[in-house]
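Working notes, beginning with the structure itself.
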Amino acid sequence: MNPAKSLIRITRKNRLLTAAEFRQLADVPAEVEWFRNLDNPHTERAYRNAISDFMRFTGIRRPEEFRLVTRAHVIAWRDDLVGRQLDRATIRHRLSALASLFEYLCDKNAVTRNPVKGVKPPKADTNEGRTPALGDNQARRLWQSRKKHH
């Protein structure tokens, strides 16, 4: 399934919809609408990869199946991403993409809650706390070498 390609394109120059086109657009699932509303090509590609990965993991085939997703599905997917040893930032981004989709579905009243909320992402990679502190002797030597060079 390619959700973003499911939305019909109107090609007539006068932009008037036929009755059939109107009905087709009215039937577009909110999940497909969300994809079509992403205007940055880099974001769209990254989000498409994330959502496709989630769909493969859960076995989702139709957009409407997103409405059955629970927090347990999201946690299992997160754990799978960790198990595949994906970079922490990648996992956080994928969870963010899924959260964005569910926020949209909440706004459209397609779902009552966002199952990504409350799912703890892996901690961000930071350098904080990784640099060992200087010992007293090392600090004195560093200070003394600084004084010698000035």
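Readers should treat all values here as calculations from the given coordinates under stated rules, not as data from a laboratory. Since we're looking at a predicted model, the values are computed, not measured. So basically every Cβ, Gly included, is an ideal-geometry build from the backbone, and we count neighbours across all protein chains shown.
What the table below lists for this structure:
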| read-out | value |
| --- | --- |
| Neighbour net charge for Phe57 - beta-carbon separation under 11 angstrom, K R +1, D E -1 | +1 |
| Around Phe102: net Lys/Arg minus Asp/Glu count, Cβ-Cβ under 11 Å | +2 |
| Cβ-derived FRET efficiency at R0 41 Å, Lys108 paired with Asp87, nearest 0.05 | 0.80 |
| Of the trypsin sites (Lys or Arg not before Pro) in segment 84-124, those whose Cβ has at most 15 other Cβ within 10 Å and which sit in DSSP loop | Arg84, Lys108, Arg113, Lys117, Lys123 |
